[in-house]
Amino acid sequence: MLLAVLSSAAALLGAAQIVPYLISITSGYTKPSRASLGIFAVIDTVQFTAMLAAGAGLAAAMQGAFAVTGLLVFVVAFRLGASMTTSLDGVTLTLTALALFGWFLIGPEFAVVATTTGTICSYIALVTKMRNHPNAEAPLAYLMSGVAAVFSLVATGLVGPVSWVIYFPPFVTLSGTTTVVVLALLQRRRTGV
């Protein structure tokens with residue numbers, strides 16, 4: 001019962017985080033990269049299915065919500081996004097291809113680790129973007145994702161004996177979102193915005 005409640009809460013927050021992000025995009029504050037969002041949508045989808053295959057069960061609900069909302073934001077980015085790419089886009093895309101290849105050769109746990117490494121690359125690119133454009137992201141969206149990650153981590157602990165790699169995606173989400181929120185708040189405090 002608690003597993004279902006925590007997984008549902010993680011999925012709902014994971015899905016709801018799209019609202020402040022879409023508001024930021026439609027208001028012109030956030031200009032997402034079309035290429036990056038397309039890659040992230042693929043990463044989230046591969047990561048979600050790999051987590052299910054690795055035994056995460058309901059604990060993968062947050063990642064499923066991220067996969068769906070990632071696809072929606074990718075669609076919105078076609079109209080309101082920027083046509084820029086980052087040097088990490090190629091690395092992230094390569095990691096995703098490696099994840100799929102490794103999944104078939106080694107197993108879904110490899111795909112979870114490879115896609116989560118790609119997620120780390122996306123957070124590095126995001127922090128770099130925020131350094132150059134301090135008010136370009138919606139901290140509330142990342143705060144909601146971070147809380148969803150806490151619920152997901154606790155839910156993962158309730159699944160039973162699973163591979164340690166199942167903990168990796170929500171842990172990276174929590175770490176990355178915390179970094180983004182703290183950085184955004186510090187920059188806004190410093191700039192007075």
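Rule-based calculations on the coordinates, nothing more; no lab input. This is a predicted model, so every value here is computed, not measured. So basically every Cβ, Gly included, is an ideal-geometry build from the backbone, and we count neighbours across all protein chains shown.
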FRET efficiency for residue 2 and residue 175, Cβ-Cβ distance as r, R0 = 22 Å, nearest 0.05? 0.35
Starting from the 7 Å offset along Cα-to-Cβ, what nm value, one decimal, do you get for the label separation of residue 164 and residue 131? 3.0
Calculated from DSSP helices alone, with each H run of at least 4 adding -39500 (n - 2.57) and the total divided by the residues of the chain, [θ]222 nm to the nearest 500 comes to -27000 deg cm²/dmol
With x for Gly and Pro, the residue-by-residue ³J(HN,Hα) of region 145-152, computed from phi through the Karplus equation 6.51 cos²θ - 1.76 cosθ + 1.60 at θ = phi - 60° and given in whole Hz, is 5, x, 5, 4, 5, 4, 4, 5
Placed amide H near residue 33: partners under 5 Å, 5+ positions off or other chain: 82
Just to check I understand the Karplus step: with θ = phi - 60° and J = 6.51 cos²θ - 1.76 cosθ + 1.60, what whole-Hz values come out for region 12-23, glycine and proline as x? 5, 5, x, 7, 5, 5, 5, 4, x, 5, 5, 4
Once phi for every residue in region 155-160 is put through the Karplus expression 6.51 cos²θ - 1.76 cosθ + 1.60 (θ = phi - 60°), the whole-Hz ³J(HN,Hα) values, with Gly and Pro written as x, are 4, 4, x, 8, 5, x
Please work out the C-alpha center-to-center distance from region 93-137 to region 37-51 and express it in whole Å. 9
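Beta carbons within 10 angstrom, averaged per residue: use that to sort the peptides 126-133, 55-62, 39-46, 178-185, highest first.
Working: 126-133: 14.4, 55-62: 25.6, 39-46: 23.6, 178-185: 16.9.
Ranked by mean Cβ neighbours within 10 Å, highest first: 55-62, 39-46, 178-185, 126-133.
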Have a look at 115, 30, 96 and tell me which one the Gaussian network model of the chain (Cα, springs below 10 Å) gives the largest fluctuation. 30
